[in-house]
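Take a look at the structure below.
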Amino acid sequence: MPSVSSSAAIVAGGHPTWRDPRLEPIREKVYTGQRLTFDDGLVLEQTCDLLTLGELANYVREQKNGQVTYYNVNMHINPTNVCVYRCAFCSFRADLKSPTAYVMSEEEILARAQEATQRGATELHIVGGLHHRLPYEWYYNIIATIHQHYPQLHLKAWTAVEWDWFVRLTRRPLRELMLEMKAAGLGSLPGGGAEIFHPEIRSQICDYKADAEQWLEVHRQWHALGGKSNATMLYGHIEKPYHRIDHLLRLRALQDETGGFQTFIPLAFHPANNPLGRDRPRPSGMMDLKMIAIARLMLDNFPHIKAYWQMLGVKTAQVAQSWGADDLDGTVVYERIYHAAGSEAPQELTVAQLRRLIREAGRIPVERDTLYRPVQRPEPLEEETVEPPTATAV
Ligand code: V47
Ligand code: SF4
């Protein structure tokens with residue numbers, strides 16, 4: 001039985017009705033539209049008051065996106081897993097001569113694009129390894145060929161790390177490469193490769209590949225061409241709270257400058273089959289929800305926060321719709337990076353499943369394209385046949 005004296009510990013540890021007084025000045029700022037500082041971010045990181053965090057993040061979320069939760073109909077292509085880098089968290093990569101190494105042929109890539117089109121996808125998400133031997137033209141041709149055959153698909157391709165690699169391969173200016181790939185059919189840039197910007201961590205988990213300045217410069221230049229992109233942060237490994245807040249503030253500063261980011265996606269570290277994950281658990285549910293809420297509160301200039309269901313798991317991604325997120329990502333279908341690292345999420349969610357999850361969370365499902373424009377379909381892709389078993393239904 002807990003004694004009276006131990007109840008203080010329960011309170012300090014976060015009794016459900018306990019409110020952290022340190023959040024009161026932050027509440028005041030959030031409700032009056034004032035920007036949060038680095039130190040505010042650290043307070044958000046330290047608190048166990050998940051309910052107040054959720055309340056504040058939800059306030060901002062509803063100010064920006066009302067009751068809507070977005071999803072899209074997409075498919076992933078990872079054209080190769082061969083990679084010159086050896087990021088400590090990566091379970092996807094393979095050495096050049098490894099038995100698990102693969103490079104997709106043009107036929108395989110086109111077959112995937114055709115399948116995506118037949119299933120009604122509006123987007124292909126294309127990222128992969130940096131192959132030792134393949135030239136820049138191989139990456140360029142993937143975009144050009146898919147676009148030639150399936151111009152209706154939005155191609156969201158190549159992380160900043162890949163762009164940095166293209167510059168290293170070609171020694172040509174980044175802007176020139178971007179203009180060329182854009183003319184060939186590139187639609188936007190995904191947010192991968194950001195990991196943790198701070199050099200104290202970056203040097204330990206992904207030394208050699210594009211550093212923070214290079215990552216940010218790729219997005220800066222793409223935004224200068226009128227392009228849109230996303231941003232991510234890989235959390236829950238060796239980084240500390242101040243590294244995460246530093247990461248968010250670097251993104252916020254670039255967004256002030258360019259306005260080109262659409263959505264921020266916190267990525268929960270998956271520890272299976274990679275050196276960084278040895279003896280390390282996955283981030284807890286508490287941490288996952290805190291990351292969504294803190295991102296929503298710190299990134300006041302990002303229109304959207306995505307709870308990527310493949311990363312968080314379907315259940316947490318659904319709950320995150322009340323903790324600051326307004327997007328679930330899409331149907332996905334072929335996902336290799338997180339499944340290699342131990343993701344237990346299904347490979348695919350159908351549109352009916354996504355819509356049902358969103359409705360059950362009390363939100364209005366809206367299919368979006370990659371640029372967050374609502375998609376109007378003459379015929380719905382799939383009917384929501386089963387009523388959600390929700391406590392809100394009367
Ligand atoms: O950069 C790799 C991450 C990223 C692991 O822009 C891992 O809409 C956790 O960026 N545990 C690529 N994360 C994926 C990505 C992404 C995903 C969904 C949507 C969008 C978007 C972008 O995956 C990598 C890295 O940070 N990653 N290994 C791992 N073991
Ligand atoms: Fe290569 Fe990307 Fe894996 Fe790093 S995360 S090893 S860059 S595939």
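Each reported figure results from applying straightforward, stated rules to the coordinates on display, with no laboratory input. Bear in mind that the values here come from a model prediction, so they are computed numbers and not experimental data. Cβ coordinates were reconstructed from backbone atoms using ideal geometry, including for glycine residues, and neighbour counts include every protein chain displayed.
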Report task. Two decimals is fine: what is log10 I(q)/I(0) at q = 0.06, 0.14 Å⁻¹ for the range 65-367, from a Debye sum with one equal scatterer on every Cα and no solvent? Result -> -0.17, -1.09
Report task. Starting with the highest mean, order 290-301, 206-217, 91-102 by the number of other Cβ atoms within 10 Å, averaged over the residues of each peptide. Result -> 290-301, 206-217, 91-102
Report task. Search the structure for amide H atoms under 5 Å from the amide H of V103, placed 1.01 Å from N in the peptide plane, and list their residues when 5 or more places away or on another chain. Result -> none
Query raised in the report: Once both labels are modelled 7 Å past Cα along the beta-carbon direction, what's the Q63-E180 spacing in nm?
Result: 4.4
Query - Cysteines not pairable in the chain (beta carbon separation under 4.7 Å absent) - result: C48, C83
Requested in this report: Give the long-range amide H neighbours of T69: residues separated by 5 or more places, or on another chain, with amide H under 5 Å away, using H modelled in the peptide plane at 1.01 Å from N.
Outcome: I364, V366
Query raised in the report: If you count the DSSP beta bridges with both ends in the range 65-367, what percent of them are antiparallel, to the nearest 5?
Result: 5
Query raised in the report: How large is ³J(HN,Hα), in whole Hz, for each residue of the range 342-348 in order, when computed from phi with the Karplus curve 6.51 cos²θ - 1.76 cosθ + 1.60 and θ = phi - 60°, using x for Gly and Pro?
Result: x, 4, 9, 5, x, 5, 9
Report task. Provide Rg and Dmax in Å for the range 25-158, with only Cα atoms included in the calculation. Result -> 21.6, 58
**Report entry** Per-residue HN-Hα couplings for the range 156-173 [Karplus 6.51, -1.76, 1.60; θ = phi - 60°; Hz; x = Gly/Pro]
**Finding:** 9, 9, 6, 6, 4, 5, 5, 4, 4, 5, 4, 5, 5, 5, 9, 6, 9, x
Query raised in the report: So if we plug the beta-carbon distance of F38 and E213 into 1/(1 + (r/R0)^6) with R0 = 22 Å, what FRET efficiency do we get, rounded to 0.05?
Result: 0.70
Query - Per-residue ³J(HN,Hα) for the range 136-142, Karplus 6.51 cos²θ - 1.76 cosθ + 1.60, θ = phi - 60°, Hz, x for Gly and Pro - result: 3, 4, 4, 5, 4, 5, 4
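Restricting things to Cα coordinates, could you compute the convex hull volume per residue of the range 180-293 in Å³?
Working: hull volume 13.8 nm³, N = 114.
In the range 180-293, the Cα convex hull volume per residue is 121 Å³.
Rounded, prolate or oblate: which fits the range 226-358 when a ≥ b ≥ c are the square roots of the eigenvalues of the alpha-carbon gyration tensor, with rounded for a/c under 1.5 and prolate only if a/b beats b/c? Each step should come with its number before you reach the end.
On the way: a/c = 1.66, a/b = 1.15, b/c = 1.44.
Because a/c hits 1.5 or more and a/b fails to exceed b/c, the range 226-358 counts as oblate.
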Query - Dipole moment magnitude, nearest 20 debye, the range 65-367 about Cα centre, only Lys, Arg, Asp, Glu C-beta charged - result: 340
Query - Burial order of peptide ranges 139-152, 186-199 (average beta-carbon count within 10 Å, highest first) - result: 186-199, 139-152
Report summary line: Non-local residues with an amide H under 5 Å from the amide H of I305, with H modelled 1.01 Å from N and Pro and chain starts lacking one, are F264, D326, D327
